[in-house]
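Working notes for the structure below.
The values are calculated or read from the model by the stated rules, or taken from the named source; none is laboratory data. As the structure is a computational prediction, the values presented were derived from the model and not from experiment. All Cβ positions, glycine included, derive from the backbone under ideal geometry; neighbour counts span all protein chains shown.
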Amino acid sequence: MLKLAVSYVPKRRLSGTLSDRLKSLLAEQKRSVTWLAGEIGQHRVSTSRIVNGQATDLPLSTLRKIAAALGVSVGDLVDEGESAE
């Protein structure tokens with residue numbers, strides 16, 4: 001049986017936690033959704049849906065772009081309650 005790599009973040013990961021972290025990072029860096037959209041090459045409305053927790057089936061590639069734009073790792077965005085030591 002052929003195994004395919006998962007290219008989407010499962011819907012359960014698109015909870016308020018991701019949304020809260022994105023909002024917090026944008027606020028800390030004094031950045032806007034419009035700025036983030038430009039950095040990741042997506043429409044502002046699509047980016048707003050991600051930031052507000054309304055997006056489903058978020059491609060991992062987009063999550064990587066968001067993390068890079070904000071200067072954090074993907075793990076920093078999606079890991080719940082775990083910190084690197």
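Values as computed for the structure displayed
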read-out: Of residues in the range 23-44 being among the aliphatic types (A, V, I, L, M) and surrounded by 13 or more Cβ atoms within 10 Å (Cβ to Cβ), the one nearest to residue 61 (Cα to Cα); value: 40
read-out: Those residues of the range 40-61 which are outside any loop (DSSP other than H, G, I, E, B), in contact with a helix residue (DSSP H, G or I) (Cβ under 7 Å, 6 or more places away or on another chain) and farther than 17 Å from residue 77 by Cα, in sequence order; value: 44
read-out: Test: residue in the range 4-25 that is of a type in the set (Val, Ile, Thr), out of contact with any strand residue (DSSP E or B) (no Cβ under 7 Å at 6 or more places or on another chain) and modelled with pLDDT under 75; value: yes
read-out: The range 62-85 - residue that is surrounded by fewer than 13 Cβ atoms within 10 Å (Cβ to Cβ) and not in a helix (DSSP H, G or I) and, of those, modelled with the lowest pLDDT; value: 85
read-out: Scope the range 40-75; condition under 10 Å from the mean Cα position of the chain (by Cα) and of a type in the set (D, E, K, R); matching residues; value: 64, 65
